[in-house]
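Student: Sharing a structure, written as structure tokens. Questions coming.
The values are calculated or read from the model by the stated rules, or taken from the named source; none is laboratory data. Just so we're clear, the structure is a prediction, and the values are computed from it rather than from any experiment. Note: ideal-geometry Cβ built from the backbone for every residue, glycine included; neighbour counts use all protein chains shown.
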Amino acid sequence: MFIRVIAALSHLKLQYDMKSIKTITIASGLLVVLGVLIGLSNGNTSRNHAASINTAGFIVEELYKSERCSSCPPSNELVESIQRDAGTGKIYILAFHLAALFGLSKEKILRNETTPVSSSGFAVVELFTSEGCNTCPPADELVQKIQRDDGTGKIYILAFHVDYWDHQGWKDKFSEKEYTNRQIQYAGWLKLQTIYTPQIVVNGTTEYVGSDKRSVLRAISTGLAQETSTKLEMKAWLQDDQVHVESKTVVDDKNAELVIALIQKSAHVDVLAGENMGRSLSHVQIVRRMNRIPLDVNTKTVVAMKPPVDFTGRGWEIIGFVQQTSNGRITSAGRFDFDSKVVSSK
């Protein structure tokens with residue numbers, strides 16, 4: 001019996017963040033298995049044959065688990081081929097790009113999964129969360145990672161802290177009834193029977209459990225890949241203790257509105273009661289104020305918002321988007337960053 005080790009470099013396009021200890025551990029383990037297989041290739045005993053079959057099963061499972069790539073899972077045909085060849089003593093190892101794996105790629109996983117820069121797509125990611133909900137911190141951590149790793153500048157994250165957890169022993173200081181009402185509106189648009197936390201809605205059309213990383217990243221990638229024909233131009237300034245936002249857009253549907261949100265980019269809160277008692281929670285992209293303005297074709301608007309008392313400008317931004325009132329679909333989005341005074345629009 002013999003073993004053929006084939007590096008099928010073109011079958012899987014794996015990209016790894018080598019700063020991750022988990023990735024390094026998986027890579028080391030796979031190399032050990034490769035070494036064992038090569039050593040076994042010189043043996044002819046039935047024990048070696050059995051070991052090689054078991055090892056083949058291990059390789060298939062681990063490569064699939066470590067890939068975590070929504071766009072490139074192994075095909076059924078490849079898996080069946082491996083299992084069939086393992087039964088005859090011929091093992092084909094679905095390898096990965098060793099050069100890429102050990103080349104210490106500087107690209108993050110989100111950058112690897114997103115579309116070319118020329119795409120006009122975008123992703124508005126709305127998280128409905130609460131400090132009183134003990135299943136919400138993983139969702140908060142997920143959007144924090146998405147925010148940190150975004151290399152496109154086209155992902156717009158808004159964290160709405162709902163108020164229906166406030167009676168469970170801890171009052172979330174960022175919660176507002178208005179944000180709960182927005183989630184209720186999405187339940188109507190998306191034909192849901194109930195509302196829950198954590199929930200993420202992407203571009204107003206799809207919703208997921210907020211900690212479902214795989215589904216959320218897939219939806220973001222889909223949004224980034226789509227072309228859009230409308231643009232939203234924005235600028236903002238502080239005058240007379242109010243934040244003034246000027247926007248300009250062209251819409252092809254009169255049943256549309258402009259949603260403008262004042263965003264606090266980060267905050268840390270020590271929770272002293274409720275389900276998260278004793279935890280120190282980190283938040284990003286917290287919605288602190290929101291305005292909704294009906295739109296007509298070729299619309300230019302100026303809106304003024306009273307900022308919260310802790311508003312400083314630094315560490316804050318404005319996110320705006322055009323949304324169809326009939327079904328919730330978001331057709332364009334933009335931001336104004338008070339830190340850099342840079343306007344981003346799509």
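Student: Among the strands (runs of 3 or more DSSP E) contained in segment 259-346, which hold 2 or more residues that are surrounded by fewer than 19 Cβ atoms within 10 Å (Cβ to Cβ) and modelled with pLDDT of 95 or more?
Tutor: 280-295
Residue-wise test of (1) assigned to a helix (DSSP H, G or I); (2) not hydroxyl-bearing (Ser, Thr, Tyr).
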| position | (1), (2) |
| --- | --- |
| Tyr208 | no, no |
| Ser211 | no, no |
| Ser215 | yes, no |
| Ala219 | yes, yes |
| Thr230 | no, no |
| Met234 | no, yes |
| Leu238 | no, yes |
| His244 | no, yes |
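Student: Further question on the same structure: If the Cβ limit is 8 Å and pairs must be 6+ apart or interchain, which residue in segment 136-152 that is more than 18 Å from Arg214 (Cβ to Cβ) pairs with which residue that is surrounded by fewer than 17 Cβ atoms within 10 Å (Cβ to Cβ) and modelled with pLDDT of 95 or more?
Tutor: Note: pairs meeting the criteria are Pro137/Arg279.
Student: As an exercise: evaluate Gly153 against (1) at pLDDT below 95; (2) farther than 19 Å from Gly320 by Cα and give the number of the one condition it does not meet.
Tutor: (2)
Student: If you don't mind, another one. Given the structure, is Val269 touching a Leu at 6+ places or on another chain (Cβ under 7 Å), over 27 Å from Thr325 (Cα atoms) and assigned by TED's automatic domain parsing to the domain that holds Pro138?
Tutor: Taking the combined requirement at face value, the residue satisfies it.
Student: Evaluate the following for Ile263: is it closer than 24 Å to Asp337 by Cα, without any contact (Cβ under 8 Å) to a residue 60 or more places away in the chain and not basic (Lys, Arg)?
Tutor: no
Student: Regarding His268, is this residue over 27 Å from Pro294 (Cα atoms) and touching a residue at least 12 places away in the same chain (Cβ under 8 Å)?
Tutor: Judged against the criteria, His268 is a match.
Student: State all residues of segment 291-324 that are farther than 29 Å from Ala267 by Cβ and charged (D, E, K, R); if no residue qualifies, say none.
Tutor: Asp296, Lys300
Student: Looking at (1) more than 25 Å from the chain's Cα centre (by Cα); (2) closer than 28 Å to His268 by Cβ; (3) surrounded by 14 or more Cβ atoms within 10 Å (Cβ to Cβ), which is the one condition that is false for Lys177?
Tutor: Among (1) more than 25 Å from the chain's Cα centre (by Cα); (2) closer than 28 Å to His268 by Cβ; (3) surrounded by 14 or more Cβ atoms within 10 Å (Cβ to Cβ), the lone unmet condition for Lys177 is (3).
Student: Further question on the same structure: Condition test on Asp253, is it more than 20 Å from His161 (Cα to Cα) and either over 20 Å from the mean Cα position of the chain (by Cα) or not in a strand (DSSP E or B) (or both)?
Tutor: yes
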